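The values are calculated or read from the model by the stated rules, or taken from the named source; none is laboratory data. What you see is a predicted model; the values in this text were computed from it and never measured. FYI the Cβ positions are ideal-geometry reconstructions off the backbone, even for glycines, and counts take in every protein chain you see. Quick note on the areas: whole protein, heavy atoms, side chains included, nothing else; ligands and nucleic acids left out. Shrake-Rupley method; radii C 1.70, N 1.55, O 1.52, S 1.80 Å.
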Amino acid sequence: PPSTQLPLQPPLRHPNENSFPEVLPAHRGKWQPERFWSRKKAQIINITHVRNSIFNDPYQGEESCFLEQFRKLLESDTKHLVLSSSDRGPEEVAGSQQGGTSPNEDSDAGVRENGPRLLVVAEQAKMFSHRGGNVTLPCKFYHEHTSTAGSGTHKIRVKWTKLTYDYLKEVDVFVAMGHHRKSYGSYQGRVSLRESSENDASLVITNIRLEDYGRYKCEVIEGLEDDTAVVTLNLEGIVLPDIALSLALRYRRYQATTPFYLGVVFPYSPRLGRYNLNFHEAQRACLEQDSVMASFDQLYDAWRSGLDWCNAGWLSDGSVQYPITKPREPCGGRNTVPGVRNYGFWDKDKSHYDVFCFTSNFNGRFYYLIHPTKLTYDEAVQACLKDGSQIAKVGQIFAAWKLLGYDRCDAGWLADGSVRYPISRPRKRCSPSEAAVRFVGFPDKKHKLYGVYCFRAYN
């Protein structure tokens, strides 16, 4: 198969034929054989349907060139695949019924005798944790027809990668083969294999960071056999009951049964104003504010929790969306239903929107600095440094407000040059209608005077 690894495309159906092969016809686009192959296993789109549709296709007159090319590909490359009798085309089946053999029959039989098929299984498809915590992503491997983990003839190679929304790219996380171990990038020193048994390839991640959330692929390779499983790591969920109880006692206005969320989604736009960030600038903006770009699932959960925002923002999958709980005229119309509005996918370099960021619990102290006078921005930065802290970031004020119930009716500088204040208990002169992080704006840094919010990280 070609070396280029391209993703399998979603099924394309002919408008007038439900049984049309799930491949791209010649008259609907350029023929690209590499689209139908994936790595050494030759995992083309369902080989049964493809082969049968080639021999039975009603559109042979229109697409004879396409069919001829694809037939040659199958004859030359599918000899390495294990095909059952139901997977063969009508010509091959007819030949076998007459006592003959298909050109690939001997090689198919040889492949079947090479041993059991390797299977990789994730016991749980989704795992939850929080920033600073530890998590084990489950992954075990078996052989289909034996109870043993490995055949013993080849060394087992385990590779973990993180999947991205650009399906052509994967981020290397960890590789193990025999006694050799190697971790990559920001995962160095934080990942290892659990190895509770000889077939356990589960990955342990310690000191979890915000950017760790996402989808991970466990790949196990033994000789010519390999298989994969995918596990999703989410940094959101409900605090365990004992922790919720301690928080309830600390913040007495809560009851012990009140849910405490481990993450918060917030909209962000820079000093330049709304709709000034392309996708890559939006990524950096979230990172600079102690957060990462939110996923659709995180935005959807935030909408269900009451988030209402009328400016569209980038999400981590490259889509542009915004949540509406109170339909109104400027936000899609007064007669529309509540929901997450979807603008679709836009050019990541040329299109400009706001961004929705996600942050989680932090290991430190967020506080309003008591100071005898109001401060300019530069004075605020120095005041936090003198107090052994740093000026707080936007993600930290949202985390303190949402996750800890922080409440302060004093506007203060933040690291991005904005001025905000968190209100958990709505009241007059602060935020009479709702609990929120109030946004004053981006005042002149040299002449306007405000308080400051600081953050001191714990070692």
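Matching residues to (1) touching a helix residue (DSSP H, G or I) at 6+ places or on another chain (Cβ under 9 Å); (2) at pLDDT below 95; (3) closer than 15 Å to residue 401 by Cβ; (4) not in a strand (DSSP E or B):
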| position | (1), (2), (3), (4) |
| --- | --- |
| 415 | yes, no, no, yes |
| 420 | yes, no, yes, no |
| 425 | no, yes, yes, yes |
| 429 | no, yes, no, yes |
| 433 | no, yes, no, yes |
| 438 | no, no, yes, no |
| 443 | yes, no, no, yes |
| 451 | yes, no, no, no |
| 456 | yes, no, no, no |
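Under the condition of being in a strand (DSSP E or B) and charged (D, E, K, R), the residues counted in segment 172-213 number 4. Among the residues of segment 195-225, those identified as surrounded by fewer than 17 Cβ atoms within 10 Å (Cβ to Cβ) and over 23 Å from the mean Cα position of the chain (by Cα) are 195, 196, 197, 198, 200, 223, 224. Annotation: of all residues in segment 260-294 being of a type in the set (Ser, Thr, Tyr) and surrounded by fewer than 22 Cβ atoms within 10 Å (Cβ to Cβ), the one that is farthest from residue 405 (Cα to Cα) is 275. Among the residues making up segment 342-357, those that are open to solvent by less than 50 Å² (accessible area, probe 1.4 Å) and at pLDDT 95 or above are 351, 353, 354, 355, 356, 357.
Under the condition of being open to solvent by 20 Å² or more (accessible area, probe 1.4 Å) and either touching a Gly at 6+ places or on another chain (Cβ under 8 Å) or not in a loop (DSSP other than H, G, I, E, B) (or both), the residues counted in segment 404-413 number 3. Do you know which residues across segment 306-330 are at pLDDT 95 or above, of a type outside the set (Gly, Ala, Ser) and out of contact with any Pro (no Cβ under 9 Å at 6 or more places or on another chain)? If the condition is that a residue be at pLDDT 95 or above, of a type outside the set (Gly, Ala, Ser) and out of contact with any Pro (no Cβ under 9 Å at 6 or more places or on another chain), then 314, 315, 320, 321 are the ones that fit.
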